[in-house]
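*Asks:* Take a look at this one; I'll ask things after.
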Amino acid sequence: MSDSPIEKSNKRKYFLEKLSGRFFLFCALISVISLALIIGFVFFKGLTPFVADGYSFVDFIFGNDWVPSEDKFGVFPMIVASLYATIGSLIIGVPIGLFTAVFLAEIAPKPIAKILSPSVQLLAGIPSVLFGVFGLAVIVPFLQNNLGLPKGQSLIAVIIVLAIMMLPTIVTVSETAIRAVPKSYREGSLALGVSEIGTIFKVVIPAAKSGIMAAIVLSMGRAIGETMAVILVAGNSLIIPTSLTDSVRPLTTNIALEMGYAAGTHQEMLFATGIVLFSFILILNFVLAKISAKGGQ
Amino acid sequence: MKTAINLSNDSSVQAETNKNVKISVNNFNLFYGEKQALYDVSLDIYEKEVTALIGPSGCGKSTFLRSINRMNDLIDNVKISGDIIIDNENIYRTNDVIKLRTKVGMVFQKPNLFPMSIYDNVAYGPRMHGIKNKQELNQIVEESLRGAAIWDEVKDRLKTSALGLSGGQQQRVCIARAIAMKPEVILMDEPTSALDPISTLKVEELVGKMKKDYTIVIVTHNMQQAARVSDRTAFFLNGEVVEYDKTDTIFSVPKDKRTEDYITGRFG
């Protein structure tokens with residue numbers, strides 16, 4: 001017995017069904033493959049000096065001198081600079097961002113929130129090079145003139161620029177988290193004669209804690225990985241910063257500044273710098289996953 | 001001596017002069033934007049009694065309850081006229097919401113404990129009002145949980161999350177949390193509607209016991225509950241108080257045809 005027209009058309013449907021499934025899978029694989037390729041490439045290049053050429057990994061991480069022409073590759077000052085810049089920007093950015101989120105979600109009258117919220121989101125869309133240019137044209141001269149520095153490009157300039165750049169992430173993610181706190185919690189607290197601000201700090205923010213933590217970790221990732229804006233305001237000196245006004249070179253700018261002309265071991269060492277950077281991001285993502293899992297419970 | 005302003009003008013209410021009026025409501029109107037939700041509500045709520053507010057959904061009983069501790073302030077565009085007077089203080093004139101809500105506690109329809117331990121939930125109010133002494137807090141927590149008839153069930157797990165309790169237990173901890181503020185009035189907004197029958201019974205028994213210390217106003221859609229727990233009942237319909245009287249009277253000889261229709265289950 002031959003297939004009826006209906007069965008035939010069904011067969012075609014099943015075939016199409018399967019085909020589309022495969023196609024979507026292929027699309028999904030592209031991103032995974034890209035990730036694998038990038039990681040593989042960076043690690044292969046970056047680990048070569050240590051595995052094949054006998055450079056000490058410990059010296060690389062804890063070495064204070066980065067002089068490629070003398071075969072000295074130590075990234076410790078850059079690790080310190082990256083960490084200081086990230087922590088510093090968090091100290092400024094997190095409270096401002098969190099208070100903005102609280103204001104938008106809890107206090108602001110609707111018309112004001114309607115103007116403020118999109119402005120904050122627009123801030124996220126500004127290309128990072130523009131943040132750098134702004135920092136160079138406004139923040140750097142300001143610091144130079146007001147703090148009496150010989151050179152305004154400094155750790156504090158990096159911190160300020162990064163703090164502004166992380167605001168949209170902190171604000172939007174924590175605003176969402178705060179809005180997700182059930183109204184009944186607020187009512188329960190207000191009905192006990194607790195003020196609105198007291199309610200926000202003792203009930204709403206603790207209840208939104210995991211979302212706010214996620215916001216902080218995400219913005220840390222942004223701060224530690226930011227390159228373009230930082231390059232313009234960091235000053236790029238290879239020293240371990242001892243004060244906020246020191247010129248610094250974080251990990252990202254080291255790669256961006258030198259990759260253009262580096263060759264051989266020098267180039268491989270820049271990939272190794274990338275590995276250090278990547279490890280930080282990996283740790284942050286791991287922490288983020290932990291936080292999200294906890295928040296989901 | 002103030003007496004009940006009620007639409008039935010029942011003499012038995014006026015005759016009873018040994019009870020004090022705790023909350024006096026005069027021509028209270030409430031609007032959500034353009035829409036009027038309460039029309040000229042006037043009634044007196046007596047001290048250390050249970051007053052039940054009944055009526056079909058959307059009749060304004062919850063809105064009225066929330067006017068007594070000004071929880072409606074949280075909603076935009078709410079306008080009111082008329083007076084609610086508690087202990088000779090017009091609560092919409094004094095504008096001290098914090099003081100008002102300290103005096104008038106509230107228990108909500110769904111248990112709304114905070115995601116903290118049982119102890120912290122009950123201690124939350126007192127702590128936020130400045131009590132830091134540990135012993136004092138311990139005492140308040142124990143007294144409040146005993147007062148809400150839940151102490152024996154939770155005394156060994158005070159430091160565990162309150163959200164691990166059953167719904168009925170959570171609701172009684174909510175009552176304990178309200179009691180911890182030592183209020184004079186407790187408002188209950190359908191406190192048993194999310195509970196199973198046994199938990200409901202426990203809460204009802206508790207309400208019966210609590211009225212010796214507190215003035216209780218309870219919204220319920222369950223008429224048997226109103227009949228069981230309350231001393232007085234107000235029947236709301238479309239934002240108006242149709243009838244307000246002693247519960248016995250309302251349920252045996254209602255004056256208004258609409259009340260009778262409602263309590264005999266003809267609508268609502």
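*Asks:* Yes or no: segment A:53-72 includes at least one residue that is of a type in the set (Lys, Arg) and either outside the structural domain of A:Thr242 (by TED's automatic domain parsing) or modelled with pLDDT of 95 or more (or both).
*Replies:* Yes, some residue in segment A:53-72 is of a type in the set (Lys, Arg) and either outside the structural domain of A:Thr242 (by TED's automatic domain parsing) or modelled with pLDDT of 95 or more (or both).
*Asks:* Can B:Leu145 be described as over 30 Å from B:Ile263 (Cβ atoms) and among the hydrophobic types (A, V, I, L, M, F, W, C)?
*Replies:* Spelling it out, B:Leu145 is indeed over 30 Å from B:Ile263 (Cβ atoms) and among the hydrophobic types (A, V, I, L, M, F, W, C).
*Asks:* Considering each of A:Ala105, A:Ala85 in turn, give the residue that is assigned by TED's automatic domain parsing to the domain that holds A:Leu244, part of a helix (DSSP H, G or I) and touching an Asp or Glu at 6+ places or on another chain (Cβ under 6 Å).
*Replies:* Just one listed residue meets the conditions, A:Ala105.
*Asks:* Taking the residues in segment B:156-178 that are over 25 Å from B:His129 (Cβ atoms) and not polar (S, T, N, Q) as candidates, determine which candidate is nearest to the chain's Cα centre (by Cα).
*Replies:* Going through the qualifying residues, I end up with B:Gly168.
*Asks:* Kindly indicate the residue of segment B:116-145 that is within 12 Å of another protein chain (Cβ to nearest Cβ) and assigned to a loop (DSSP other than H, G, I, E, B) and also surrounded by the fewest Cβ atoms within 10 Å (Cβ to Cβ) among those meeting that condition.
*Replies:* B:Gly130
*Asks:* Just the residues that are part of a strand (DSSP E or B) and among the hydrophobic types (A, V, I, L, M, F, W, C), please, taken from segment B:49-60.
*Replies:* B:Val50, B:Ala52, B:Leu53, B:Ile54
*Asks:* Quick check on segment A:221-231: of everything there that is surrounded by fewer than 24 Cβ atoms within 10 Å (Cβ to Cβ) and in a helix (DSSP H, G or I), which residue is farthest from the other protein chains (Cβ to nearest Cβ)?
*Replies:* A:Ile231
*Asks:* Among the listed residues A:Ala85, A:Ala105, A:Ala36, identify the single one that is over 30 Å from A:Ala207 (Cβ atoms), out of contact with any Ser or Thr (no Cβ under 7 Å at 6 or more places or on another chain) and surrounded by 13 or more Cβ atoms within 10 Å (Cβ to Cβ).
*Replies:* The unique qualifying residue is A:Ala85.
*Asks:* Could you tell me whether segment B:158-166 includes any residue that is closer than 30 Å to B:Asp256 by Cα, outside any helix (DSSP H, G or I) and in contact with a strand residue (DSSP E or B) (Cβ under 8 Å, 6 or more places away or on another chain)?
*Replies:* Scanning segment B:158-166, I find no residue that is closer than 30 Å to B:Asp256 by Cα, outside any helix (DSSP H, G or I) and in contact with a strand residue (DSSP E or B) (Cβ under 8 Å, 6 or more places away or on another chain), so the answer is no.
*Asks:* For segment B:61-115, give me every one of the helices (runs of 4 or more DSSP H) that falls completely inside it and has 3 or more residues that are at the interface with chain A (Cβ under 7 Å from one of its Cβ atoms).
*Replies:* Correct list: B:97-103.
*Asks:* Further question on the same structure: Can you tell me which residues in segment A:193-220 are more than 8 Å from every other protein chain (Cβ to nearest Cβ) and under 30 Å from B:Ile186 (Cβ atoms)?
*Replies:* A:Glu196, A:Ile197, A:Thr199, A:Ile200, A:Phe201, A:Val204, A:Ile205, A:Ala208, listed by residue number.
*Asks:* Then there's this: Please specify each residue of segment A:145-192 satisfying the condition of being within 14 Å of chain B (Cβ to nearest Cβ), part of a loop (DSSP other than H, G, I, E, B), crowded, with 24+ Cβ neighbours inside 10 Å and of a type in the set (Gly, Ala, Ser).
*Replies:* Listed by number, the list holds a single entry, A:Ala191.
*Asks:* Restricting to segment B:180-194, give me the number of residues that are within 11 Å of chain A (Cβ to nearest Cβ) and in contact with an Asp or Glu (Cβ under 9 Å, 6 or more places away or on another chain).
*Replies:* Count: 1.
*Asks:* Which numbered condition trips up A:Ser237, out of (1) touching a residue at least 24 places away in the same chain (Cβ under 8 Å); (2) surrounded by fewer than 20 Cβ atoms within 10 Å (Cβ to Cβ); (3) outside any helix (DSSP H, G or I)?
*Replies:* (1)
The values are calculated or read from the model by the stated rules, or taken from the named source; none is laboratory data. Only a predicted model underlies this, so the values are computations on that prediction, with no experimental measurement involved. Every residue, glycine as well, gets a Cβ built from its backbone with ideal geometry; the counts of neighbours run over all protein chains shown.
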